[in-house]
Amino acid sequence: MPAYNTTALLEEVERCPFDDNARLELADYYCLLKNPRGELIKEQCSPEPDVELVARLLNEHGRTWAAQDLGIQADQIPQGATFEFHKGFAWWPVHAQYICLQDAIDAGGYDHVNNDTTSTNFSLAHEPVVINAKLVLYAPHQSRTSPSVIYEMRRRFGLHLDVDQIWELLSLGAAYPDLQCRFPIIGVGSSWVDSDGHRSVPCLDDWDAGRDLHLYWFEREWYRHCRFAAVRQQFLNPGTLSP
């Protein structure tokens, strides 16, 4: 067996999240160890993944893998809750630089944008920003309110939801434009309160065959098909190499 260092390989994936070579080298090692995560990495890095195999692997092991990636215990994830996996891991890398919020909106190429999505409404400074983050997309096991989602993501999973989360959300929309066509993606960390006292949060959605940037009321109840974005602060945890 070739000499491998799991920690070093995981660190390389962290340092070069957009380079599939590091992921595939790690996948080879996992496959040698009969760890099915190797199959997942290879399938999700493939231009034509086996959708049924990916679904089976995540159904059998996704909970354990997500816990490893978040550095938590698997029993901290509610039964039935899931995380979206990208190229073998429960996090999605984003890296972008914007001169203002409108620049970030334009980068997403949305078909429709709520006119109230402005720097002033979201109390954002008018200065350039650099986004370099790894986002987690959480799917609760049942319909939830915004406060309960925030509690789970912060307290249970140790995820980060900042008041300027809209930057990461827009970076996600620009980097993975087809993602919001599969499910709505909400950034509950950022919000705007209108003149009537209603609090709204940004959401990437798909409506009338178009990619939209919406603002939805914070007070609403979110359906199960929604995904909630947050930043994963921890480095990858090598954890156990067995599923």
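Please state which one of 223, 216 is of a type in the set (Phe, Trp, Tyr), farther than 21 Å from residue 106 by Cβ and free of Cβ contacts under 8 Å to residues at least 60 places away in the same chain. Walk me through how you get there before you give the answer.
On the way: 223 fails: free of Cβ contacts under 8 Å to residues at least 60 places away in the same chain.
Going through 223, 216 in turn, just one is of a type in the set (Phe, Trp, Tyr), farther than 21 Å from residue 106 by Cβ and free of Cβ contacts under 8 Å to residues at least 60 places away in the same chain: 216.
Report yes if some residue within region 177-192 is surrounded by fewer than 18 Cβ atoms within 10 Å (Cβ to Cβ) and in contact (Cβ under 8 Å) with a residue 60 or more places away in the chain; otherwise report no.
Our first condition is that a residue be surrounded by fewer than 18 Cβ atoms within 10 Å (Cβ to Cβ); within region 177-192, this holds for 177-178, 181-182.
Now drop any that are not in contact (Cβ under 8 Å) with a residue 60 or more places away in the chain, which leaves 177.
Scanning region 177-192, I find at least one residue that is surrounded by fewer than 18 Cβ atoms within 10 Å (Cβ to Cβ) and in contact (Cβ under 8 Å) with a residue 60 or more places away in the chain, so the answer is yes.
Taking the condition surrounded by 14 or more Cβ atoms within 10 Å (Cβ to Cβ) and touching a residue at least 40 places away in the same chain (Cβ under 8 Å), does residue 160 pass?
On the way: surrounded by 14 or more Cβ atoms within 10 Å (Cβ to Cβ): yes; touching a residue at least 40 places away in the same chain (Cβ under 8 Å): yes.
It is true that residue 160 is surrounded by 14 or more Cβ atoms within 10 Å (Cβ to Cβ) and touching a residue at least 40 places away in the same chain (Cβ under 8 Å).
Among the residues of region 124-140, how many are at pLDDT 90 or above and either out of contact with any helix residue (DSSP H, G or I) (no Cβ under 7 Å at 6 or more places or on another chain) or under 11 Å from residue 229 (Cβ atoms) (or both)?
Initially, region 124-140 is screened for residues at pLDDT 90 or above, giving 124, 128-140.
Filter again for either out of contact with any helix residue (DSSP H, G or I) (no Cβ under 7 Å at 6 or more places or on another chain) or under 11 Å from residue 229 (Cβ atoms) (or both), leaving 128, 130, 132-139.
Residues that pass the stated criteria total 10.
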Just to be sure, is residue 199 surrounded by 15 or more Cβ atoms within 10 Å (Cβ to Cβ) and of a type in the set (Lys, Arg)?
-> no
Since residue 175 meets every condition but one in (1) over 14 Å from the mean Cα position of the chain (by Cα); (2) aliphatic (A, V, I, L, M); (3) under 21 Å from residue 14 (Cα atoms), which condition does it not meet?
-> (1)
Check region 89-107 and report whether any residue there is assigned to a loop (DSSP other than H, G, I, E, B), hydrophobic (A, V, I, L, M, F, W, C), touching a helix residue (DSSP H, G or I) at 6+ places or on another chain (Cβ under 9 Å) and touching a residue at least 40 places away in the same chain (Cβ under 8 Å).
-> yes
For residue 55: the one exception among (1) hydrophobic (A, V, I, L, M, F, W, C); (2) in a helix (DSSP H, G or I); (3) surrounded by 14 or more Cβ atoms within 10 Å (Cβ to Cβ) = (3)
The condition from (1) within 22 Å of residue 136 (Cβ to Cβ); (2) surrounded by 14 or more Cβ atoms within 10 Å (Cβ to Cβ); (3) in contact with a Ser or Thr (Cβ under 6 Å, 6 or more places away or on another chain) that residue 74 misses is numbered (2)
Which listed residue is of a type in the set (Lys, Arg), in a helix (DSSP H, G or I) and without any contact (Cβ under 8 Å) to a residue 40 or more places away in the chain, from 63, 23 | 63
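The values are calculated or read from the model by the stated rules, or taken from the named source; none is laboratory data. Small disclaimer: the values here were computed from a predicted structure and weren't measured. Heads up, the Cβs are rebuilt from the backbone with ideal geometry, glycines too, and the neighbour counts pull from every protein chain shown.
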